[in-house]
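The values are calculated or read from the model by the stated rules, or taken from the named source; none is laboratory data. Bear in mind the structure is a predicted one, so any value in this text is a computation, not a measurement. Virtual Cβ from ideal backbone geometry, glycine too; neighbours counted across all protein chains shown.
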Amino acid sequence: MHKINHILLVDDDSINNFINEKLLKKLGCADKISITTNGEEAITFLKDICQNNAALCPELILLDINMPVMDGFEFLERYKELKFPNKGSVIIVMLTTSTNPNDTAKLNESVAGYVNKPLTEEKLKEVLEKYFD
């Protein structure tokens, strides 16, 4: 499995974040794992990290749809406005429990893919092989 530098989890559910972080660490697929609990925190995190040092910017963002403060779709709108080096190489994958067809219809070009929770080793391997091999 390909190892990447940095994965950002964006999810308001602390249990999902705990489980996903454990899985990512177990698989050793990233040197660094960061967690934010809503889209607004994620935007702030990306502004702080990516604009100051592109090498520290996450290569993969696993993004929940339904979150308080700023949901995944609002995040994607704000993300479009961000400007930082290597932005084009950041892969965003929606990671959600939503089965609403309207949600998948709203995904835009900012999103590389859509994965249903729970995140599993197989699903993660598929994402990594598709976008990072």
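Of 131, 79, which residue is surrounded by 15 or more Cβ atoms within 10 Å (Cβ to Cβ) and in contact (Cβ under 8 Å) with a residue 60 or more places away in the chain? First the steps, then the outcome.
Numbers: 79 fails: in contact (Cβ under 8 Å) with a residue 60 or more places away in the chain.
Residue meeting the stated conditions: 131.
Among 90, 115, 69, which is surrounded by 14 or more Cβ atoms within 10 Å (Cβ to Cβ), at pLDDT 85 or above, out of contact with any His (no Cβ under 7 Å at 6 or more places or on another chain) and farther than 20 Å from residue 31 by Cβ? I'd like the intermediate steps shown before the answer.
Details: 90 fails: farther than 20 Å from residue 31 by Cβ; 69 fails: surrounded by 14 or more Cβ atoms within 10 Å (Cβ to Cβ).
Step by step, each of 90, 115, 69 is checked, and only 115 is surrounded by 14 or more Cβ atoms within 10 Å (Cβ to Cβ), at pLDDT 85 or above, out of contact with any His (no Cβ under 7 Å at 6 or more places or on another chain) and farther than 20 Å from residue 31 by Cβ.
Does residue 55 satisfy the condition of being among the aliphatic types (A, V, I, L, M) and loosely packed, with under 14 Cβ neighbours inside 10 Å?
Details: among the aliphatic types (A, V, I, L, M): yes; loosely packed, with under 14 Cβ neighbours inside 10 Å: yes.
It is true that residue 55 is among the aliphatic types (A, V, I, L, M) and loosely packed, with under 14 Cβ neighbours inside 10 Å.
If you take the residues of the range 37-67 that are among the β-branched types (Val, Ile, Thr) and not in a helix (DSSP H, G or I), which of them is nearest to residue 90 (Cα to Cα)? So that I can check it myself, show each step before the final result.
Residues of the range 37-67 among the β-branched types (Val, Ile, Thr): 37, 43-44, 49, 61, 65.
In the following step, the residues that additionally are not in a helix (DSSP H, G or I) were identified as 37, 61, 65.
Details: 37: 19, 61: 7, 65: 18 Å.
Result: 61.
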